[in-house]
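One structure is given below, encoded as structure tokens.
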């Protein structure tokens, strides 16, 4: 498809997106687009995905539509780069995911019985283990992507370990472990050993994430909500300070704490 044909269209479809990307990557296309490779646009995929998630969180369908388009653009971009390297193309991507969906839904496309979501997920896990040649429990832990946010990854790793029984009996035991890790962090802080301090901070975060999981709380989402709450209260604190004729940067720690407590109320 040429540029003139594209410009004559009032509405575009998926094939048009692929055609536009081919033009942009062509010899006479966009210099920036031509220079990119998988690694150079890696973060773009992450950023666009997070922005799509923000659209979901805000219940904004227009933003979600736009950001899903940006995610789709990144998929097409990577596929085009791969096609130029004679690796795979967008049809191979679609082929792979279609085959995966059919294989992992044997209760729809074969004669396996699964009447509940729990049974569906159990079948999914077993099929995935076979697909990924996961022969041990450790293999399933290693399959959790290292590119995930670490708090999210911790919850997934812990959940997979729990499937073979390696977990605390209850939340209280998990909190005792978290308390132990806090004490070890305190000792590390007293030692002044930065590498040890970093290690113990990691252990404490991991232990707290485990306790959250056992409570039925998603640690990643819990921290997300706390971030939002902090920003909201910070804004309220600043508003109170301005109403009293002050800028935050001019105030003492004690005065800031006073305003913070007012904001909390």
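The values are calculated or read from the model by the stated rules, or taken from the named source; none is laboratory data. Fair warning: this is a prediction, and the values are worked out from it, not measured in the lab. FYI the Cβ positions are ideal-geometry reconstructions off the backbone, even for glycines, and counts take in every protein chain you see.
Would it be correct to say that residue 188 is modelled with pLDDT of 95 or more and in contact with a helix residue (DSSP H, G or I) (Cβ under 7 Å, 6 or more places away or on another chain)? Outline the logic, then answer.
Details: modelled with pLDDT of 95 or more: yes; in contact with a helix residue (DSSP H, G or I) (Cβ under 7 Å, 6 or more places away or on another chain): yes.
Spelling it out, residue 188 is indeed modelled with pLDDT of 95 or more and in contact with a helix residue (DSSP H, G or I) (Cβ under 7 Å, 6 or more places away or on another chain).
Mind listing whichever residues of segment 83-98 are closer than 20 Å to residue 14 by Cα and either surrounded by fewer than 15 Cβ atoms within 10 Å (Cβ to Cβ) or touching a residue at least 40 places away in the same chain (Cβ under 8 Å) (or both)? Break it down stepwise before answering.
Just the residues of segment 83-98 that are closer than 20 Å to residue 14 by Cα, to begin with: 83-84, 88-98.
Within segment 83-98, 84, 88, 90, 91, 92, 94, 95, 96, 97, 98 qualify.
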Can you go through 174, 114, 161, 154 and tell me which one is crowded, with 16+ Cβ neighbours inside 10 Å and more than 20 Å from residue 209 (Cα to Cα)?
114
Go through (1) within 20 Å of residue 147 (Cα to Cα); (2) surrounded by 12 or more Cβ atoms within 10 Å (Cβ to Cβ); (3) within 18 Å of the chain's Cα centre (by Cα) one by one and return the number of the condition residue 43 breaks.
(2)
Return a yes/no flag: does segment 204-220 have any residue that is in contact (Cβ under 8 Å) with a residue 60 or more places away in the chain and part of a helix (DSSP H, G or I).
yes
With respect to the numbered conditions (1) free of Cβ contacts under 8 Å to residues at least 12 places away in the same chain; (2) over 30 Å from residue 126 (Cα atoms); (3) surrounded by 13 or more Cβ atoms within 10 Å (Cβ to Cβ), which one is the sole condition not fulfilled by residue 250?
(3)
Here's a check for you: in segment 15-32, which residue that is without any contact (Cβ under 8 Å) to a residue 12 or more places away in the chain and surrounded by 11 or more Cβ atoms within 10 Å (Cβ to Cβ) is nearest to residue 85 (Cα to Cα)?
26
Taking segment 181-190 and the residues there that are within 17 Å of residue 211 (Cα to Cα) and free of Cβ contacts under 8 Å to residues at least 24 places away in the same chain, the one that is surrounded by the most Cβ atoms within 10 Å (Cβ to Cβ) would be 182
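Among the residues of segment 251-260, are any within 29 Å of residue 175 (Cβ to Cβ) and either part of a helix (DSSP H, G or I) or in the same structural domain as residue 174 (by TED's automatic domain parsing) (or both)? Even if it seems obvious, please write down each step before you answer.
Step one: of segment 251-260, the residues within 29 Å of residue 175 (Cβ to Cβ) are 257, 260.
Subset that is either part of a helix (DSSP H, G or I) or in the same structural domain as residue 174 (by TED's automatic domain parsing) (or both): 257, 260.
Among the residues of segment 251-260, at least one is within 29 Å of residue 175 (Cβ to Cβ) and either part of a helix (DSSP H, G or I) or in the same structural domain as residue 174 (by TED's automatic domain parsing) (or both), which makes the answer yes.
Residue under question is residue 58, and the condition is that it be more than 30 Å from residue 221 (Cβ to Cβ) and surrounded by fewer than 16 Cβ atoms within 10 Å (Cβ to Cβ); does it hold?
Working: more than 30 Å from residue 221 (Cβ to Cβ): no; surrounded by fewer than 16 Cβ atoms within 10 Å (Cβ to Cβ): yes.
Considered against the rule, which asks whether it is more than 30 Å from residue 221 (Cβ to Cβ) and surrounded by fewer than 16 Cβ atoms within 10 Å (Cβ to Cβ), residue 58 comes out as no.
Go through segment 1-14 and give me each residue that's assigned to a helix (DSSP H, G or I) and surrounded by 10 or more Cβ atoms within 10 Å (Cβ to Cβ).
If we filter segment 1-14 for residues that are assigned to a helix (DSSP H, G or I), which is where we start, we get 3-7, 14.
3, 5, 6, 14 - these are the residues of segment 1-14 that are assigned to a helix (DSSP H, G or I) and surrounded by 10 or more Cβ atoms within 10 Å (Cβ to Cβ).
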